[in-house]
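Here the structure comes first, spelled out in structure tokens, and everything after it is commentary.
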Amino acid sequence: MTSPVSDSKRDRVIIFDTTMRDGEQSPGASMSLEEKLELAKILEEMGVDVIEAGFPIASNGDFEAVREVSKIVTESTVAGLCRAHQVDIDRCHEAIKHAKRGRIHIVIATSPLHMKHKLQMEPEAVLEAITKSVGHARNLCGDVEWSAEDATRSERDFLRRAIETAIKAGATTINLPDTVGYTYPSEYADLFKYMVENVEGADKAIFSTHCHNDLGLAVANSLAGVQGGARQVECAVNGLGERAGNAALEEIVMALKVRGDQLPYETGIVTQHITRASRYVSAITGFPVQFNKAIVGKNAFSHESGIHQDGMLKNRETYEIMRPEDVGQGATNLVMGKHSGRHAFREKLKGLGYELGQNALNEAFGRFKDLADKKKHVFDDDIIALVDDALARG
Ligand code: KIV
Ligand code: ZN
């Protein structure tokens, strides 16, 4: 059997977006069909490799969303999620069969806790279900992903056997989710390294991360997974997802781009589209993006303190490790507030059309500081008014 993993994919990280599936499982984040179709277009234009558009057996709405997304997307692979049941897989296949590139994504739990209490299945029965379900899916579709739910709390040797079973049955992607956001970066890196080195047939599949953010470690863990050998990262725009969410797509992509010296892997993401995607997801879900959110937050490229503004005016690299334009955030914002210094104030005035002499500048700057102490936001109009007043007084 020839390997489905071409060598060219080895130094690239596949970005798998699950905003419409895991993201939509976030209470209150449901999306209409029209919104999902628009989001699919945005994700495709942004260069996302795999778009997980829903869980077709879950509802008619989810089925329809996966089917309709499959019809309009041509560049990205479209995936649908299913449990390890024939009926789920058939329904998923029915939805993705229209896609130019479709993927069936099967999940079954492998941790002792989940197998005993949730599935109420013996480990050997889980292995049998993997063989049957993955084999069935592979007869329908050449691209089959298998996920070991709660992989990070699974027994290592059983997990290894489960992965080998899935690969033998035809899985082309092996996903090891940190379903409850429990793992640590070093532990997750080690898990991938161990599996890549010890699983028989590991070279026939791409390993994937899927991290939840319960301890705020989802992005760090995903990157650690890549360090350990994963070449697909599952993530969601704005970190949307069950409970505390998934790894944030924008953070993964920019961490790989900015720190290529640490992890020399490319993604196919056109990063200038990131902010557009973030704003769209926020608008349709009604989930606001926190001001200080990395990459896409309103304050991610804003500077208020005098020392920082002075540094920025001399060389932007003093306080910016990436350019706002590179993520579609417009321009750097030097916010005028009580921490701002004279240098930034003079530049602000220049931008507003004023060139003041030293005395007038000192006078206006003093008034500006008094105002900024009283007011949370000092707008351009406030500055214009106080400068005009200072000039009128001579
Ligand atoms: O968190 C998880 O385990 C999942 C799987 C369905 C991949 O979302
Ligand atoms: Zn998940």
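FYI, it's all coordinate maths here, none of it is from the lab. Because the structure is predicted, anything quoted here is derived from the model rather than measured. Please note: Cβ atoms are built from the backbone with ideal geometry, for glycine as well, and neighbour counts cover all protein chains shown.
Here the Gaussian network model covers the chain, with springs between Cα atoms less than 10 Å apart; of 284, 295, 384, 384 fluctuates the most. Would you kindly state the longest site-free stretch of the chain, with sites defined as chymotrypsin sites (Phe, Trp or Tyr not before Pro) in a DSSP loop (not H, G, I, E, B) surrounded by at most 12 other Cβ atoms within 10 Å? Counting only loop sites that pass the neighbour cut-off, the longest clear stretch is 1-290. Sorted into 10 angstrom bins from 0, the C-alpha pair distances of segment 264-394 split as 11, 34, 29, 17, 7, 1, 0 percent. Pairs of Cα atoms nearer than 8 Å and 6+ residues apart set the relative contact order; for the chain it is 14 percent. Remark: segment 1-111 projects, on average over all directions, an area of 8.4 nm² (convex hull of Cα atoms). When the Gaussian network model of the chain links Cα atoms closer than 10 Å, the mean-square fluctuations of 344, 360, 137 top out at 360. Positive-end ranking of 131, 95, 151 along the dipole of segment 85-225, with charges on Cβ about the Cα centre, is headed by 95. Between the exposed loop cleavage positions of the chain, defined as GluC sites (Glu not before Pro) in a non-H, G, I, E, B DSSP state with at most 12 neighbouring beta-carbon atoms within 10 angstrom, the longest gap is 1-199. Database note for the chain: Cys without another Cys beta carbon under 4.7 angstrom, 141, 211, 235.
Entry note, the chain: the mean residue ellipticity at 222 nm calculated from DSSP H runs of n ≥ 4, each adding -39500 (n - 2.57), is -13500 deg cm²/dmol after division by the residues and rounding to the nearest 500. Over segment 1-126, Cα pairs under 8 Å with separation of 6+ residues give a relative contact order of 19 percent.
The ellipsoid that matches the Cα gyration tensor of the chain has semi-axes, each √(5λ) in whole angstrom, of 49, 21, 18, with the longest given first. Between residue 385 and residue 128, the distance separating the two model label sites (each 7 Å from Cα on the Cα→Cβ line) works out to 7.8 nm. Taking all Cα pairs closer than 8 Å and separated by 6 or more residues, the relative contact order of segment 97-159 comes to 51 percent. Other residues with beta-carbon under 9 Å from the beta-carbon of residue 123 carry, at +1 per Lys or Arg and -1 per Asp or Glu, a net charge of -2. Specify whether the C-alpha gyration tensor of segment 129-186 places it in the rounded, prolate or oblate class, a ≥ b ≥ c being the square roots of the eigenvalues: rounded for a/c under 1.5, otherwise prolate if a/b is larger than b/c and oblate if not. Prolate, because a/c is 1.5 or more and a/b exceeds b/c. Stretching residue 194 away from residue 292 to a fully extended chain increases their span by 31.6 nm, per 0.36 nm per residue minus the current alpha-carbon distance. Determine which lysines satisfy two conditions relative to residue 71: a Cα distance under 28 Å, and not lying fewer than 8 residues away in the same chain. Of all the lysines, those that pass the test against residue 71 - Cα under 28 Å, at least 8 places apart if same chain - are 9, 36, 41, 97, 100.
Computed from Cα positions, the angle between helix 185-198 and the longest principal axis of the chain comes to roughly 30 degrees. Each Cα pair of segment 84-224 feeds into the Kirkwood radius, which the Stokes-Einstein equation turns, at 37 °C and 0.692 mPa s, into a diffusion coefficient of 216 µm²/s.
For the chain, modelled as a GNM whose springs connect Cα atoms under 10 angstrom apart, the maximal fluctuation among 106, 163, 321 occurs at 321. When the trypsin sites (Lys or Arg not before Pro) in segment 25-115 are filtered for DSSP coil states and for at most 16 other beta-carbon atoms within 10 Å of their beta-carbon, the remaining sites are 97, 100.
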